[in-house]
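**Q** Please read through the structure below; I'll follow up with questions.
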Amino acid sequence: MRTPALSALPSLPALLVLAAAAASPARADVEPHPAMLRYPDVSASHIVFVYANDLWMVPREGGTATPLASPPGPEQFPRFSPDGRAIAFMGNYDGNRDLYTLPVTGGIPTRVTYHPAAENLTDWSPDGTSLMYFASGMVTIPRQTQLFTVPAAGGLFTQVPVPYGANGALSADGTWLAYTPHTTDTRTWKRYRGGMATDVWLFNLRDKTSRRVTDWEGTDSQPMWHGPNLYYLSDRGPEHRLNIWRFDPAGGTHTQVTKLDDYDVKWPAVGPGPSGGGEIVFQHGARLMLLDLPTGKARAVEVSIPGARPTLRPQAVDASKFIAGGSISPGAKRVAVEARGDIWTLPAEKGSPRNLTRTSGAFERDP
């Protein structure tokens, strides 16, 4: 429920409308649900993920997470180094979204990239000396992405020798690059089969030959190497959801690994597993799941986030910062606007703002 406005409007240009954000009193015996847990990666012992725009780390068995990094703005795409001792991620410590590295034990983050475009981290090199990422803004088509590598310690970047690309992953011997020519992974499209549907390609970095390994008319994306096998996301299965598939480059066969039918598998990342057999961590709905590659079985990772939830407590919100749409009354004495999901009327000169709808959990638009 929203409370009435807390102050009157002296004039229409001010548009100062205050609304109270409501929340039920917290119960001491109910553990807060730690959703949403996003962009995970897994090492031999730990999982790193993003929660509330900060980086957290938790044992791969689950348990209480510990904060790792919290620069201003969102962090995304954390990736463990091959030895598990460092994490690279996209952060915003210095006013731009760039790549940083940080020891898993904590310390001073090291800035790696400096380009004004936002770099999207995809992988470490197998030897742990460089990072692979994709970014736009380097070609005549501003939204077209390309793949680059940069030393993990910092330095000049180098373009990967494919004209366009995203979601790059290197095989263990550094010979094969798996990638998609572009990406739609941040879109909310479901069962999309149009011209921007992505396929997975392989490019040989030694002899410069390439091959397309998927031809499904829907989405194939997020390639990951483990040993000789290539894992990727696809919605070609009967569930019509993004699931994890395996491709055998030697035999040319595709095998569906997960068969989840309620939510898409999102943001998978491969790790060595505790015994070297390999595992993939991914977001499924609001939780994290861990797929054991030798057995093909997935389990939920139970995570507890410690600390206060200050954004969930009742608080005053300046609704004037969220105004959209508007309609002037026939007499030009009041105006109807949309703000924070409710319809309000505001005076042109004198009077008070009025919340006409007061609906919690519904969004009214375009008065």
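**Q** Give, as a single signed number, the net charge of other residues whose beta carbon lies under 13 Å from the beta carbon of ARG60, with Lys and Arg counted +1 and Asp and Glu -1.
**A** Once all neighbours under 13 Å are counted, the net charge is -4.
**Q** Identify which of the listed values of volume of the Cα convex hull per residue in Å³ was calculated from the structure shown: [x] 183; [y] 197; [z] 295.
**A** Read-out taken from this structure: [x].
**Q** Still on this structure, please answer the following. Out of the total accessible area of the chain (probe 1.4 Å, heavy atoms of protein only), what percent is carbon and sulfur?
**A** C and S fraction of accessible area: 55 percent.
**Q** If packing is taken as the mean number of other Cβ atoms within 10 Å per residue, what is the order of 70-80, 294-304, highest first?
**A** Highest-to-lowest ranking by the protection proxy: 70-80, 294-304.
**Q** Which semi-axes, in whole Å and largest first, does the equivalent ellipsoid of the range 289-367 have when worked out from the alpha carbon gyration tensor as the square roots of 5 times its eigenvalues?
**A** Here the semi-axes work out to 46, 17, 9 Å.
**Q** Below 8 Å, C-alpha to C-alpha, sequence gap of six or more: please give me the relative contact order for the chain in percent.
**A** Dividing the mean separation by the residue count of the chain yields 16 percent.
**Q** Return one whole number: the accessible area per residue of the chain in Å², for a 1.4 Å probe.
**A** 49
The values are calculated or read from the model by the stated rules, or taken from the named source; none is laboratory data. In this text the structure is predicted, and so the values were computed from the model without any measurement. Positions of Cβ are backbone-derived with ideal geometry, glycine not excepted, and every protein chain shown enters the neighbour counts. All accessible areas refer to the heavy atoms of the entire protein, side chains included, with ligands and DNA or RNA removed. Shrake-Rupley method; radii C 1.70, N 1.55, O 1.52, S 1.80 Å.
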